Amino acid sequence: MATRNIRYMGDSILEKTAKPVKEMSEKIKTLIEDMLDTMYEAQGVGLAAPQVGILKRVVVIDVTPEGDSPIILINPEIIEADGEQVGDEGCLSVPGKAGRVTRPNRVKVRALNENMEEFEIEGEGLLARAFCHEIDHLDGKLYVSLVEGSLHDTVVYEDEDEDEE
Ligand code: NI
C-alpha cells in the first residue's frame, strides 16, 4: 500500500486542467493503485489525480460504506445529466469543510477502464454527485466555487449549554 500526499486548496495545481491519458503504462497503473490507497485511507468517496499532484485525467470513486466497490475512470466525460439534488459536499483537498451544492441527480459517464476500453456508467444521488465533483477536478474546478451560501465546518461540537434538561 502506498499513499500519496493530498494537495490542499490554495495549491495552484488544483486549478489546472489535467491532460488525457493516451496509453496505459506502469506509471499510470501505480498512480491508480496509489490513488485508491490514498482515498480509502483518507475515508473519502472520490479522488482525482490533480489532488495528488498529477495532471492526468484519472479519477477513482467508491461511495459504498464497505469501501469495496472502486470505480476507476480514465478520461471521463459526462454524456447525460438529469434532475437535480441539493446537498452538502466536501472534498479531501478542503479538509473539515462542507458546503451546499446543487448537482444533477443522475448522470451518465463515458470513460476508459484500466485496459483503456471504453465503457459507460450511470450514477444517481451520491454517485452522480461524486462523478460531477471529481470530473470538475480534472478541469481545475473546486466545489467551493459552486457553493450556495458559505462553507461550514464539518466538525460537530457538543454544546452543553444548549442542553434543555
Ligand atoms: Ni474533491
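Return yes or no: is residue 47 touching a Ser or Thr at 6+ places or on another chain (Cβ under 7 Å), within 15 Å of the ligand (Cβ to nearest atom) and of a type outside the set (Ser, Thr, Tyr)? Explain how you work it out, then say what you get.
Details: touching a Ser or Thr at 6+ places or on another chain (Cβ under 7 Å): yes; within 15 Å of the ligand (Cβ to nearest atom): yes; of a type outside the set (Ser, Thr, Tyr): yes.
Yes.
Residue 136 is checked against (1) open to solvent by less than 10 Å² (accessible area, probe 1.4 Å); (2) of a type outside the set (A, V, I, L, M, F, W, C); (3) within 13 Å of the ligand (Cβ to nearest atom) and fails just one. What number does that condition carry?
Evaluating residue 136 over (1) open to solvent by less than 10 Å² (accessible area, probe 1.4 Å); (2) of a type outside the set (A, V, I, L, M, F, W, C); (3) within 13 Å of the ligand (Cβ to nearest atom) leaves (1) as the failure.
Of the residues 151, 73, which single one is open to solvent by 20 Å² or more (accessible area, probe 1.4 Å) and within 16 Å of the ligand (Cβ to nearest atom)?
Details: 73 fails: open to solvent by 20 Å² or more (accessible area, probe 1.4 Å).
Exactly one residue qualifies, and that residue is 151.
Okay, residues lined up against (1) within 28 Å of residue 154 (Cα to Cα); (2) in contact (Cβ under 8 Å) with a residue 40 or more places away in the chain:
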residue	(1), (2)
12	yes, no
23	no, yes
46	yes, yes
61	yes, yes
70	yes, no
85	yes, yes
94	yes, yes
106	yes, no
110	no, no
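Looking at segment 84-109, which of the residues that are more than 16 Å from the ligand (Cβ to nearest atom) and not in a strand (DSSP E or B) is surrounded by the fewest Cβ atoms within 10 Å (Cβ to Cβ)?
Among those that are more than 16 Å from the ligand (Cβ to nearest atom) and not in a strand (DSSP E or B), it is 84.
Taking the condition within 13 Å of the ligand (Cβ to nearest atom), hydrophobic (A, V, I, L, M, F, W, C), modelled with pLDDT of 95 or more and open to solvent by less than 50 Å² (accessible area, probe 1.4 Å), does residue 59 pass? Show your work before the answer.
Details: within 13 Å of the ligand (Cβ to nearest atom): yes; hydrophobic (A, V, I, L, M, F, W, C): yes; modelled with pLDDT of 95 or more: yes; open to solvent by less than 50 Å² (accessible area, probe 1.4 Å): yes.
Yes.
For segment 32-62, what are the residues that are of a type in the set (Gly, Ala, Ser) and over 15 Å from residue 75 (Cβ atoms)? Explain how you work it out, then say what you get.
At the first step, the residues of segment 32-62 found to be of a type in the set (Gly, Ala, Ser) are 42, 44, 46, 48-49, 53.
Correct list: 42, 44, 46, 53.
Taking segment 115-126 as the search range and keeping residues that are surrounded by 13 or more Cβ atoms within 10 Å (Cβ to Cβ) and part of a loop (DSSP other than H, G, I, E, B), which one is farthest from the chain's Cα centre (by Cα)?
116
The values are calculated or read from the model by the stated rules, or taken from the named source; none is laboratory data. Please read all numbers here as calculations on a predicted model, not as lab measurements. Glycine gets a Cβ as well: all are built from the backbone with ideal geometry, and neighbour counts include every protein chain shown. With ligands, DNA and RNA removed, areas are computed over all heavy atoms of the protein, side chains included. Shrake-Rupley method; radii C 1.70, N 1.55, O 1.52, S 1.80 Å.
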